[in-house]
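Here is the structure we will look at, set down as C-alpha cells.
The values are calculated or read from the model by the stated rules, or taken from the named source; none is laboratory data. Source: prediction; values computed, not measured. As a convention, Cβ positions derive from the backbone with ideal geometry for all residues, glycine included, and neighbour counts pool all protein chains shown. Keep in mind that these areas ignore ligands, DNA and RNA; they rest on the heavy atoms of the full protein, side chains included. Shrake-Rupley method; radii C 1.70, N 1.55, O 1.52, S 1.80 Å.
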Amino acid sequence: MSELISIDECEQLTTEDVHDLYRKHVSRSQVSLMTSFGFGRELVDRAEGAWLWTRSGRRVLDFTGGVGVLNHGHNHPRILAARQRFQERQRMEVHKTYFSPYVAALGHNLAQLLPGDLTMSFFPNSGAEAVEGAVKLAYKYHQGKRGRILRADIAFHGKLLGSGSLTGAHQTFTFPGIPGVGTFPYGDLAAVRAAVAAARKPGGGCDVYAILIEPFSASTMNACTEEFLRGLRELCDANDIVLIFDEIYTGWGKTGSLFYFMRYPGLIPDVVTTSKSFGGGKSSISAYVAREPVFRKAYDNLADSLMHSTSTTYYGFGEETATAIEAVNIVVEDDYPRRAREIERVLAPGLDRIRKANPGTVAAVRGSGALYGIFLDGGPKILDLATKLAPRGLARDPRFRVKLITCSVIDALYRDHGIYCYYTLNGDNPLVAAPPLVVEPEDVEYFLDSLDKTLAQGLFRLLTRFVREKVAPRWPVAS
Ligand SMILES: Cc1ncc(COP(=O)(O)O)c(C=O)c1O
C-alpha cells in the first residue's frame, strides 16, 4: 500500500484493515461496540432497494430504512440517473452569487406540497442544521426580545451544541447549549400552557419565542394527538410564539401521510424541518420551510438577507438539490404515503400477533405507517449476572437490561435470518421495524416470520448466545 490510500486500494481493504484504521483514526470504542454484532464484522459490497449484499456474498434485508434516509431504498434508479445527468452535463455546484435553478425549483416544489403559506425554504445539509436554522429564525422573528424556547422531554432534535441542548432524556453528559430552554412532558397541553404562562417578561409580555415538537417521535414511537397539536397551534397564535414541527425523520410518506402533521387538515406550523429521505438516500440535504410572514419578519430586509442564508458554504449545493428534486417527485408520483399505509396493513397486525404470542417478552408494539417499534422486556436471571460483568459505565445504565435483550434479538435476526435492524437510544429503546417504502409485501412477511422464529427460541437462549459469543469476550470483568 502506498503512503496515501487511493480509492482503488480503499475498495480492496479487508474487514480487519478497516477495523484497524477505525481504531487508529476514528474510534477504538466504536469498533469494540459494533463488532458485538454480525454487521460490525462484515463490509457491504453493494445495495439495491431494501437489500444489501456483503463482501462474503450474503444477501441482507435492510429493515432499518436507513434510520429515515431510505424511503426510496438504496440506489433508486431514478435518483442515480438524476445524479449522473447532473455530472455528465458538468453542472456547477459551488457559487452562490449565481442563482441556482435547482434551489428555485426545489423551493417551489416544497411550497406546492406543503399546506398554507409554508413557502420559504432554506437548504443546509443535516437535520441538526435545519433545526438550528429554524430556532434561529424564530429568535430573529422576535428580534431577540424573547428569551425562552420550549421542547418536549423525550425530544430528539440532533447532536450539535444547539440542537443537542434541545434534545431530551437519553443524554449522559451535558454540554453548554442554547440558553432559555424549557421542557414539557410530550403531549401534555396543560403543561405547555403552564410553561408559557410562567414565562413572562418583567413587563408582563410572553417571553417564549418558539415551541419545538416532533408530531411523531421516531425515537420513542409516541405520537401527538390531534387535540394536542391543534391546542399548541392555538396557544402559539394567542401568544405570537413560532411553532416548529420537526419532521426530519417522519417526512416523505414514512408514517402514512406526506408529513405526519398533514393528516390533520388545516393544521399548519410556522416552520417545518425535513431531511433524511428528502435526499433520496444519496444526498445529504435538509430544509426548513417557514410560513412567509414569519420568514419576512425575521430576515426579509437587505441588511439581514445574508444573516442565515445563501452565504453558508454547502447551502443548496448543486447535485444535492438536483437529487432532492427527483426524490420529492418520486415520493409524489409513486405515492409513498400510500405505500407506507400498505406496509402498515401487513406489519401492524403481524406485530400484534407476535406481541400476543410472546406476552413475557414483547411488552408493547406501536408506530405508524412503515415505522414501528417493538418494545422488548422480561428475561431470565442470567441478565443479573451479565449486568454484574458489564463494564461499569454500561452496568450503571438503568436501561441496560432492555438494551441487552433487544441487542440479542437484533443479533439473532441478522445472524440467523439475514435481517438488519436497529434499536433507538431514546425512550424505551424499541427494536425498530422501518423498512424502505419500496419493500415487497413478502419481505415484510419474511421479517415477521423471522422475528416470530427468533422470539420462539426464548430469551434465555438468545441472551446466553449473544453474551457468550459477542459481548463477554469484549468486556473486562468489572471489579
Ligand atoms: C426528529 C429528528 N430531528 C433531528 C435529527 C438530527 O438530524 P441529523 O442527524 O441529520 O443532524 C434527527 C436525526 O435522527 C431526527 O430524527
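Which of the trypsin sites (Lys or Arg not before Pro) found in the stretch 392-468 are loop residues per DSSP with 16 or fewer other Cβ atoms within 10 Å of their Cβ? Within the stretch 392-468, the qualifying trypsin sites (Lys or Arg not before Pro) (loop, at most 16 other Cβ atoms within 10 Å) are Arg396, Arg399. With angles folded into 0 to 90 degrees, how steeply does helix 15-25 sit against the dominant principal axis of the chain? Use alpha carbons for both and round to 10. Helix 15-25 and the main axis of the chain meet at about 50 degrees. Normalised by 2.2 N^0.38 Å, where N is the number of residues, the alpha-carbon radius of gyration of the stretch 78-333 equals 0.99.
Each label point was placed 7 Å from the Cα along the Cα-to-Cβ direction; for Glu292 and Thr97 their separation is 3.0 nm. For the chain, the solvent-accessible area works out to 45 Å² per residue, with a probe of 1.4 Å and every protein chain left in place. Summarising the label geometry, the points placed 7 Å from Cα in the beta-carbon direction at Ser6 and Asp153 lie 5.8 nm from one another. Applying the criteria of a DSSP loop state and at most 16 other Cβ atoms within 10 Å to the trypsin sites (Lys or Arg not before Pro) of the stretch 1-96 yields Arg55, Arg58, Arg89, Arg91, Lys96.
What separates the Cα centres of the stretch 190-248 and the stretch 320-339 is a distance of 30 Å. Put a plus charge on the Cβ of each Lys and Arg, a minus charge on the Cβ of each Asp and Glu, and nothing anywhere else: the dipole of the chain about its Cα centre is then about 1340 debye. Working from label points 7 Å from Cα in the Cα-to-Cβ sense, the Arg23 to Leu306 distance is 4.9 nm. When the Cα positions of Ala238, Phe173, Phe278 are compared along the charge dipole of the chain, Phe173 comes out farthest toward the positive end, with charges on each C-beta of Lys, Arg, Asp and Glu.
Legend: Rg and Dmax of the chain, from Cα coordinates, 23.2, 69 Å. Note the angle between two axes, namely the Cα long axis of helix 226-239 and the longest principal axis of the Cα atoms of the chain, as a number of degrees from 0 to 90, rounded to the nearest 10. Orientation of helix 226-239: about 30 degrees from the principal axis. 3J(HN,Hα) couplings calculated from phi for the stretch 330-347 with the Karplus curve 6.51 cos²θ - 1.76 cosθ + 1.60 (θ = phi - 60°) are, in sequence order, 5, 3, 6, 5, 8, 6, 4, x, 5, 4, 5, 5, 5, 4, 4, 4, 8, 5 Hz; Gly and Pro show x. The stretch between Ala194 and Val181 holds 3.2 nm of extra length on full extension. This uses 0.36 nm per residue minus the Cα-Cα distance.
Taking all protein chains in place and a 1.4 Å probe, what share, in percent, of the accessible surface of the chain do carbon and sulfur account for? Answer for the chain is 54 percent, counting heavy atoms of protein chains only. Amide H to amide H, with H built 1.01 Å from N, Val242 comes under 5 Å of Ala210, Ile211, counting only residues 5 or more places away or on other chains. Taking the longest Cα principal axis of the chain as reference, the axis of helix 400-417 is set at about 70 degrees. The lysine pair count for the stretch 78-333, using Cα distances under 18 Å and pairs eight or more places apart or on different chains, is 10. Legend: calculated FRET efficiency, Thr119 to Arg468, from the Cβ-Cβ distance at R0 = 45 Å, rounded to 0.05, equals 0.20. Measuring r between the beta carbons of Arg230 and Leu43 and using R0 = 60 Å, the FRET efficiency lands at 0.80.
Taking 51 Å as R0, compute the FRET efficiency from the Cβ-Cβ separation of Gln87 and Lys453 and round it to 0.05. The computed FRET efficiency comes out at 0.70.
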